[in-house]
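The values are calculated or read from the model by the stated rules, or taken from the named source; none is laboratory data. The structure presented is a predicted model; accordingly, all values stated were derived computationally and were not measured. Cβ placement follows ideal geometry from the backbone for every residue including glycine, while neighbour counts extend to all protein chains displayed. For accessibility, only protein heavy atoms count, side chains too; no ligands or nucleic acids. Shrake-Rupley method; radii C 1.70, N 1.55, O 1.52, S 1.80 Å.
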Amino acid sequence: MLAVIAAARALESRVNEALSSVTLSLARLALLHRLAGSTKPVGLKELAEALGCSKSNASVLADRMLQEGYLTRETDPADRRGVLLSLTPAGAAAHAAGFEVVARQQDEVFADVAPQDCATLLRVLGQVTR
């Protein structure tokens with residue numbers, strides 16, 4: 001188990017470093033990905049749940065990304081105290097760029113691993129993380 005945790009931390013560090021080349025991190029990419037996967041604006045509570053963090057942390061992250069032009073914010077018509085977030089075209093472009101970086105990292109990490117071993121690894125990780 002410790003080897004899996006160490007590997008996860010090393011991979012996370014590697015991917016975060018690579019994502020910095022497009023001014024993203026895994027947390028920022030996860031936020032963009034959640035919004036990109038939605039056909040309607042997303043509230044902070046739902047976003048925080050998807051990111052596995054507090055509503056306060058999601059709000060701070062969203063505020064930064066809003067200032068950078070990646071997101072738009074509107075008042076939630078169902079709850080005047082709530083806000084709804086959506087991607088801007090710049091946010092959609094950043095999402096695409098982030099996933100290109102992640103794909104390159106995946107190719108580099110698994111370049112010397114047989115395809116059937118990669119498939120087995122993904123299957124097993126899927127089973128143990130359910």
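Take the residues of the stretch 63-119 that are assigned to a loop (DSSP other than H, G, I, E, B) and open to solvent by less than 40 Å² (accessible area, probe 1.4 Å): which is nearest to PRO41 (Cα to Cα)? Don't jump to the end; show me each part of the working.
Taking the stretch 63-119 first, the residues assigned to a loop (DSSP other than H, G, I, E, B) are 68-70, 77-78, 88, 110-114.
Keeping just the survivors that are open to solvent by less than 40 Å² (accessible area, probe 1.4 Å) gives 69-70, 88, 114.
On the way: GLY69: 16, TYR70: 13, THR88: 11, ALA114: 41 Å.
Here the residue is THR88.
Counting the residues of the stretch 96-130 that are of a type in the set (Asp, Glu) and either farther than 30 Å from TYR70 by Cβ or touching a Pro at 6+ places or on another chain (Cβ under 6 Å) (or both) gives 2.
Figure legend. Inter-residue proximity from the stretch 19-39: first residues in contact (Cβ under 8 Å) with a residue 40 or more places away in the chain and in a helix (DSSP H, G or I), second residues among the polar types (S, T, N, Q) and surrounded by fewer than 20 Cβ atoms within 10 Å (Cβ to Cβ), beta-carbon distance below 6 Å, spacing 6+ or different chains. Indicated pairs: LEU19/SER25. The residue list VAL101, VAL83 contains one member that is of a type outside the set (S, T, N, Q) and modelled with pLDDT of 95 or more, which is VAL101.
Would you mind stating whether SER20 is open to solvent by 50 Å² or more (accessible area, probe 1.4 Å), closer than 30 Å to LEU121 by Cα and under 15 Å from the mean Cα position of the chain (by Cα)? Before the answer, list the steps.
Numbers: open to solvent by 50 Å² or more (accessible area, probe 1.4 Å): yes; closer than 30 Å to LEU121 by Cα: yes; under 15 Å from the mean Cα position of the chain (by Cα): yes.
Against the criterion (open to solvent by 50 Å² or more (accessible area, probe 1.4 Å), closer than 30 Å to LEU121 by Cα and under 15 Å from the mean Cα position of the chain (by Cα)), SER20 qualifies.
Checked against (1) modelled with pLDDT of 95 or more; (2) farther than 20 Å from GLN106 by Cα; (3) open to solvent by 40 Å² or more (accessible area, probe 1.4 Å), SER13 passes all but a single condition, namely (2). Taking PHE99, is it in contact (Cβ under 8 Å) with a residue 40 or more places away in the chain and aromatic (Phe, Trp, Tyr)? Criteria met by PHE99. Restricting the search to the stretch 38-56, which residues are open to solvent by 40 Å² or more (accessible area, probe 1.4 Å) and more than 21 Å from VAL15 (Cα to Cα)? Matches in the stretch 38-56: THR39, LYS40, PRO41, LYS45, GLU46, GLU49, SER54, LYS55, SER56.
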